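The values are calculated or read from the model by the stated rules, or taken from the named source; none is laboratory data. Source: prediction; values computed, not measured. Every residue, glycine among them, receives a Cβ derived from its backbone with ideal geometry; neighbour counts consider all protein chains shown.
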Amino acid sequence: MQLTAGCHLTFEAQAPAPLILMLRPRSGASQTIIQENLHVTPDLAATEYFDLYGNACHRVLIAPGSWQITTQVTAETADMVDVNLEAAFVPVQCLPDNVLHFLLPSRYCQSDLLGELAREIVGGIESGYGQVDAIRRWIHNHIDYRYDTSDASTSAIDTEQTRQGVCRDFVHLGMALCRSLTIPARMVVGYLYQLDPMDLHAWFEAFVGDRWYSFDPTQPEPRGNRIAIAYGRDAADVALANQFGLVTLTEMQVWVQAANDSTELTKSL
């Protein structure tokens with residue numbers, strides 16, 4: 001399906017402030033970017049670079065006052081995510097070099113503390129895709145999706161203890177459980193068609209067989225029609241906007257629609 005998606009951000013700066021924006025998706029295995037743009041109002045030059053994970057980033061320096069940043073993308077997306085129950089566990093010594101760091105504990109994913117729970121969840125399941133899907137199902141069935149129950153400091157351990165959270169929390173727990181089984185896992189943020197309620201979304205990918213596969217613990221079954229924007233070890237790596245200094249994000253709107261559909265599904269901060 002061809003999708004048009006985007007977001008509108010408003011910042012209020014009390015003093016000159018640098019921003020790092022991660023809003024530009026790139027073509028990949030399950031998406032082809034047809035058109036994308038980013039506008040800063042008032043007009044301001046932005047410098048582009050690519051981070052350690054290949055994410056496209058923009059650097060801007062805003063002056064005091066109100067600033068609006070709008071980005072929109074049109075992309076051809078896969079209607080279904082790939083499922084491969086036969087994808088096997090990859091021994092560490094056989095993993096590609098650029099996958100190894102997704103095995104390690106990170107700020108929000110304390111995989112070194114969740115091994116016992118992970119082994120309990122996947123008991124009797126052959127190592128590989130099946131174990132990751134068992135983790136996805138367990139999170140979907142045992143963690144309640146609730147707004148205002150977590151914040152920017154909530155980690156996988158916190159979510160395992162409280163058994164509630166939002167997509168970010170589901171993903172941190174899923175990745176930590178995978179890594180505790182020596183399965184590389186990385187976080188993805190982006191857009192999901194017909195997400196209800198509409199918002200930016202997060203899911204994770206696990207490296208099994210010879211490639212990355214997508215898993216979304218917030219959904220009962222695999223769903224396609226996603227536009228990935230950024231990849232990283234956890235939420236610290238994939239923030240769509242990092243602001244420095246006396247600046248506040250005061251408004252956020254998100255929309256996703258079929259490219260030939262004039263009805264927008266939107267979310268506002």
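In the condition set (1) over 28 Å from Leu52 (Cβ atoms); (2) part of a helix (DSSP H, G or I), Glu86 is compliant with all but (2).
Restricted to the range 23-39, and to residues there that are closer than 14 Å to Gly6 by Cβ and among the hydrophobic types (A, V, I, L, M, F, W, C), the residue that is surrounded by the most Cβ atoms within 10 Å (Cβ to Cβ) is Leu23. So Arg107 fits all but one of (1) touching a helix residue (DSSP H, G or I) at 6+ places or on another chain (Cβ under 7 Å); (2) exposed (fewer than 15 other Cβ atoms within 10 Å of the Cβ); (3) within 25 Å of Asn225 (Cβ to Cβ); (4) of a type outside the set (A, V, I, L, M); what number is the exception? Of everything listed in (1) touching a helix residue (DSSP H, G or I) at 6+ places or on another chain (Cβ under 7 Å); (2) exposed (fewer than 15 other Cβ atoms within 10 Å of the Cβ); (3) within 25 Å of Asn225 (Cβ to Cβ); (4) of a type outside the set (A, V, I, L, M), Arg107 misses just condition (3). At pLDDT 95 or above and either within 10 Å of the chain's Cα centre (by Cα) or buried (at least 16 other Cβ atoms within 10 Å of the Cβ) (or both), is that true of Met198? The answer is no for Met198. Among the criteria (1) surrounded by fewer than 11 Cβ atoms within 10 Å (Cβ to Cβ); (2) in contact (Cβ under 8 Å) with a residue 12 or more places away in the chain; (3) not assigned by TED's automatic domain parsing to the domain that holds Cys7, the one Asp151 does not fulfil is (2).
Quick check: anything in the range 123-138 in contact with a Phe, Trp or Tyr (Cβ under 9 Å, 6 or more places away or on another chain), assigned to a helix (DSSP H, G or I), within 25 Å of Arg168 (Cβ to Cβ) and hydroxyl-bearing (Ser, Thr, Tyr)? Yes, that holds for at least one residue. In the range 40-58, the residue that is nearest to the chain's Cα centre (by Cα) out of those that are of a type in the set (S, T, N, Q) and surrounded by 11 or more Cβ atoms within 10 Å (Cβ to Cβ) is Asn55.
The residues listed here are Ala239, Ala206, Ala228; of these, the one that is in contact with a Lys or Arg (Cβ under 9 Å, 6 or more places away or on another chain) and under 24 Å from Arg146 (Cα atoms) is Ala228.
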